[in-house]
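See structure below.
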Amino acid sequence: MEELSAPPSPPVEPFELPVDDVLLRPWRIADADAFWLAQRDPEIARWNGSPAASREDVVAIVARRANWSTGDHASWAIVDAEDALLGSLSIHRIDLLERDAEVGYWVVPAARGCGIAARAVDAACRWAFEVPDLERIELFHAVENRASARVAEKAGFTQEGRLRRSHRYGDGQRHDELLWARLSDDPPPR
Ligand SMILES: CC(C)(COP(=O)(O)OP(=O)(O)OC[C@H]1O[C@@H](n2cnc3c(N)ncnc32)[C@H](O)[C@@H]1OP(=O)(O)O)[C@@H](O)C(=O)NCCC(=O)NCCS
């Protein structure tokens, strides 16, 4: 069997990614309060995992997201022109050898329905196909989460299948999920 050759390249430095009128910027510890508040939204608590139990937990989560040195994720806070937190976007489970990763996101209730998630996912994927040179990015969401399905579609992903009771979400129940993927040579969304 042929050996896998090229060693993974070093992790990228955190950087800012402007997307139209919003900015994807690296997380800061100062975002902990806004992150905590966002997690209180029932939809985010349900579809992005259980809310952190304490302020210390939130600070630890934000600190992990701010630290890209592990090389396995690129995580941004989505903010407006006044630096108010609008959402979260992560390319995570980055595997530089296999050249694949997963994308995850949420948007605060007041900012939903304006295309922020779809545009942020598209922009982060375009970067990930260029710089870490990924070939495939996967996106999973519970079947019931229709808004997330629409985000996947608008961000140029193709639905590949249904995974039965594949993930336990914030409501404590295992849900069927839809698996979507976007490949580096898929046509980008219009
Ligand atoms: C899913 C989520 C990130 C979408 O963020 P957003 O910035 O509003 O997304 P966009 O505006 O780019 O697109 C949302 C699309 O879903 C559609 N949508 C919203 N609610 C819907 C519903 N209940 N059923 C069907 N479509 C719905 C919107 O109409 C829009 O589509 P359109 O542009 O064709 O009108 C946001 O709703 C959210 O954070 N939800 C809670 C947490 C979550 O689900 N995270 C993702 C886990 S996989």
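Descriptive notes on the structure:
- Hey, residue 134 open to solvent by less than 10 Å² (accessible area, probe 1.4 Å), away from the ligand (no atom under 14 Å from the Cβ) and either closer than 20 Å to residue 189 by Cα or modelled with pLDDT under 95 (or both) or not: yes
- Options 102, 135, 130: the member that is among the acidic types (Asp, Glu) and under 14 Å from the mean Cα position of the chain (by Cα): 102
- For the stretch 143-156, taking the residues that are of a type in the set (Gly, Ala, Ser) and under 14 Å from residue 103 (Cα atoms), the one that is farthest from the ligand (Cβ to nearest atom) is identified as 156.
- Residue 124 touching a residue at least 12 places away in the same chain (Cβ under 8 Å) and closer than 16 Å to residue 20 by Cα: yes
- Listed conditions (1) assigned to a helix (DSSP H, G or I); (2) touching a Lys or Arg at 6+ places or on another chain (Cβ under 9 Å) are all met by residue 44, apart from (2).
- Residue 181 touching a strand residue (DSSP E or B) at 6+ places or on another chain (Cβ under 8 Å) and more than 9 Å from the ligand (Cβ to nearest atom): yes
- Any hit, the stretch 10-31, residues being at pLDDT 95 or above, open to solvent by 20 Å² or more (accessible area, probe 1.4 Å) and in contact with a Gly (Cβ under 9 Å, 6 or more places away or on another chain): yes
- Which numbered condition residue 144 misses (of (1) farther than 21 Å from residue 40 by Cβ; (2) modelled with pLDDT of 95 or more; (3) not in a helix (DSSP H, G or I)): (1)
- Failed condition for residue 119, given (1) more than 12 Å from the ligand (Cβ to nearest atom); (2) open to solvent by 50 Å² or more (accessible area, probe 1.4 Å); (3) under 18 Å from residue 141 (Cα atoms): (1)
- Residue match in the stretch 157-174 (condition: open to solvent by 20 Å² or more (accessible area, probe 1.4 Å), under 26 Å from residue 69 (Cα atoms), of a type outside the set (Gly, Ala, Ser) and more than 8 Å from the ligand (Cβ to nearest atom)): no
Yes/no matrix, rows are residues, columns are (1) away from the ligand (no atom under 16 Å from the Cβ); (2) without any contact (Cβ under 8 Å) to a residue 40 or more places away in the chain:
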{"residue": "33", "(1), (2)": "yes, yes"}
{"residue": "45", "(1), (2)": "no, no"}
{"residue": "58", "(1), (2)": "yes, yes"}
{"residue": "63", "(1), (2)": "yes, yes"}
{"residue": "68", "(1), (2)": "yes, no"}
{"residue": "74", "(1), (2)": "yes, no"}
{"residue": "77", "(1), (2)": "no, no"}
{"residue": "104", "(1), (2)": "no, no"}
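- Count of the stretch 13-41 residues, restricted to those that are in a strand (DSSP E or B) and acidic (Asp, Glu), is 0.
This table checks each residue for (1) closer than 18 Å to residue 76 by Cα; (2) in a strand (DSSP E or B); (3) in contact with a Cys (Cβ under 8 Å, 6 or more places away or on another chain); (4) charged (D, E, K, R).
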{"residue": "117", "(1), (2), (3), (4)": "yes, no, no, no"}
{"residue": "122", "(1), (2), (3), (4)": "yes, no, no, yes"}
{"residue": "129", "(1), (2), (3), (4)": "yes, no, no, no"}
{"residue": "153", "(1), (2), (3), (4)": "no, no, no, yes"}
{"residue": "163", "(1), (2), (3), (4)": "no, yes, no, no"}
{"residue": "180", "(1), (2), (3), (4)": "no, yes, no, no"}
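The values are calculated or read from the model by the stated rules, or taken from the named source; none is laboratory data. Not measured: the values here are computed from a predicted model. Ideal geometry is used to build each Cβ from the backbone, glycine not excepted, and the neighbour counts take in all protein chains shown. Protein only, heavy atoms only, side chains kept; ligands, DNA and RNA dropped before computing areas. Shrake-Rupley method; radii C 1.70, N 1.55, O 1.52, S 1.80 Å.
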